[in-house]
Amino acid sequence: MKRLSNLKAWIGLAAAVALFLGVGAFLSGDKPKDYKPFLSESPSPTGIKALYTYLGREAPEVNRWQSSSEDLPKGTDQLLIMIEPFSIPTEEEVRGYEEFMDRGNTILLIKEDPDGLFGVESAYTDTFTTHVSDGDRSYQTGEATQTRILPGKDEVLLRDREGAIATRRDVGDGQLIISTNPQWFTNSAILKHDHVPVLLTLLRVADADDKKAILFDEYYHYGASGLRDVLVYPQWMLIILLQGVILTILWLWLKGKRFGAIETVREESVRFSDERIRALGTWYIRRKLYRESLGMQADYIRLSLQERWGIPSSREWSDIQDSLKRRVKMFPERKIIEITEGLPVVLQKNRLDQVEYLKWSQMMEQLRKEVEDL
């Protein structure tokens, strides 16, 4: 009888949890949805739903693409639009895009800094401009970013007095069009200045009117691949799945299953414990290798910046100052300026004293936390 009573209590608890989750999901539907920037479904000022809707009315077929480049359609005469992807494609994914263009398709990549993508090189300027030209006509635009494309042998489509804004190249039977300043085409800015004529210039070069289909690449707008895979399922299915997991845990608990501590092999704990890290740190301090230690911290942060935001680790600290100001919102701007301008000078010194090392080490640790927590 007591066991039956416990079973009824667990069933009642599970029903209460399910009811709570259901009511919470129902009530959360009334809250405004928080959209990430540059999503084709986003009606927020930072979204590009206006552009997606416009092309949906003008083109025969417009769809969103949320899969890897390896699964792109095998046909020809298609246009893939990529606006400010949040991460850098892997080598396999880049080959998928290149094969897509080889078959006779077009990719229009609009990214603030396209350096490193598809072999593109870019440079930074010290001034902002508000006028671009296609050679025949001048357009007034919003403030352009400080990134300029180094065209090489590519055809220059748009430029200002500082350099190339948009370029084009042939890739197999297709073509690759690259442009900077994705903020010009967001919902809040696309109707301002001459942003629509600039966009039409890029679409005209891409032969958008003659394409069988236009695809908006959303594959890199949902963060990690695991999150992208989850977001394809409807909310009600995710709620049922979560409830199933909770009920399974409660059932195992009811059956008397216990999840105790895992016995770790002593050799493993000895070899890979924190003692090794502490010993290494103590060795650096005793040898007074402050400059080497600070250099390792700086290299680690540069790798984190490249993985999270696509900022190449090969760039100098002074060249990424503006990018850090835009992205690291919670970090004081004066600190960013102090780090980007002062750190290269400190790392050039032959030796550092302990006081200077502690000062810079604390600043780099604060920057690392800001980068990894964003």
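The values are calculated or read from the model by the stated rules, or taken from the named source; none is laboratory data. Remember, it's a predicted structure, so these values are computed and weren't measured experimentally. As a convention, Cβ positions derive from the backbone with ideal geometry for all residues, glycine included, and neighbour counts pool all protein chains shown.
Could you grab the pairs with beta carbons closer than 8 Å, sequence gap of 6+ or different chains, first residue in region 143-156 and without any contact (Cβ under 8 Å) to a residue 40 or more places away in the chain and in the same structural domain as Ser122 (by TED's automatic domain parsing), second one of a type in the set (Gly, Ala, Ser) and surrounded by fewer than 19 Cβ atoms within 10 Å (Cβ to Cβ)?
Thr147/Ala123; Arg148/Ala123; Arg148/Gly163; Ile149/Gly163; Leu150/Ala123; Leu150/Gly163
It is to be established whether one or more residues within region 71-81 are in the same structural domain as Leu202 (by TED's automatic domain parsing), small (Gly, Ala, Ser), over 23 Å from Asp207 (Cα atoms) and touching a residue at least 24 places away in the same chain (Cβ under 8 Å). Spell out how you get there, then give the answer.
Start the filter on region 71-81 by keeping residues that are in the same structural domain as Leu202 (by TED's automatic domain parsing), which leaves 71-81.
Restricting the remaining residues to those that are small (Gly, Ala, Ser) gives 75.
The next check asks that each one be over 23 Å from Asp207 (Cα atoms); those that pass are none.
Checking region 71-81: not a single residue is in the same structural domain as Leu202 (by TED's automatic domain parsing), small (Gly, Ala, Ser), over 23 Å from Asp207 (Cα atoms) and touching a residue at least 24 places away in the same chain (Cβ under 8 Å).
Taking only region 47-60 into account, find how many residues are crowded, with 17+ Cβ neighbours inside 10 Å and among the hydroxyl-bearing types (Ser, Thr, Tyr).
1
Hey, among the residues in region 195-254 that are farther than 16 Å from Ile83 by Cβ, among the β-branched types (Val, Ile, Thr) and touching a helix residue (DSSP H, G or I) at 6+ places or on another chain (Cβ under 8 Å), which one's modelled with the highest pLDDT?
Ile246
If Glu98 meets every condition in (1) in a loop (DSSP other than H, G, I, E, B); (2) touching a residue at least 24 places away in the same chain (Cβ under 8 Å); (3) touching a strand residue (DSSP E or B) at 6+ places or on another chain (Cβ under 8 Å) apart from one, which number is that one?
Every listed condition holds for Glu98 apart from (1).
If we scan region 123-139, do we find a residue that is among the hydroxyl-bearing types (Ser, Thr, Tyr), surrounded by 18 or more Cβ atoms within 10 Å (Cβ to Cβ) and within 21 Å of Glu58 (Cβ to Cβ)?
Yes - at least one qualifying residue is present in region 123-139.
Could you give me the residue pairs with C-beta distances under 6 Å whose first residue belongs to region 120-139 and is in the same structural domain as Lys153 (by TED's automatic domain parsing), whose second residue is surrounded by 13 or more Cβ atoms within 10 Å (Cβ to Cβ) and among the polar types (S, T, N, Q) wherever it lies, and which are 6+ apart or on separate chains?
Close Cβ pairs (under 6 Å, with a partner that is surrounded by 13 or more Cβ atoms within 10 Å (Cβ to Cβ) and among the polar types (S, T, N, Q)) amount to Ser122/Thr147; Tyr124/Gln146; Thr125/Gln146; Thr130/Thr141; His131/Gln140; Val132/Thr141; Asp134/Thr201.
Collect the residues in region 61-85 that are assigned to a loop (DSSP other than H, G, I, E, B), surrounded by 15 or more Cβ atoms within 10 Å (Cβ to Cβ) and within 20 Å of the chain's Cα centre (by Cα), keeping them in residue-number order.
Matches in region 61-85: Gln66, Ser68, Glu84, Pro85.
Among the candidates Arg302, Arg308, Arg286, Arg278, which residue alone is surrounded by fewer than 10 Cβ atoms within 10 Å (Cβ to Cβ) and either in the same structural domain as Glu356 (by TED's automatic domain parsing) or at pLDDT 70 or above (or both)? So that I can check it myself, show each step before the final result.
Details: Arg302 fails: surrounded by fewer than 10 Cβ atoms within 10 Å (Cβ to Cβ); Arg308 fails: surrounded by fewer than 10 Cβ atoms within 10 Å (Cβ to Cβ); Arg278 fails: surrounded by fewer than 10 Cβ atoms within 10 Å (Cβ to Cβ).
Going through Arg302, Arg308, Arg286, Arg278 in turn, just one is surrounded by fewer than 10 Cβ atoms within 10 Å (Cβ to Cβ) and either in the same structural domain as Glu356 (by TED's automatic domain parsing) or at pLDDT 70 or above (or both): Arg286.
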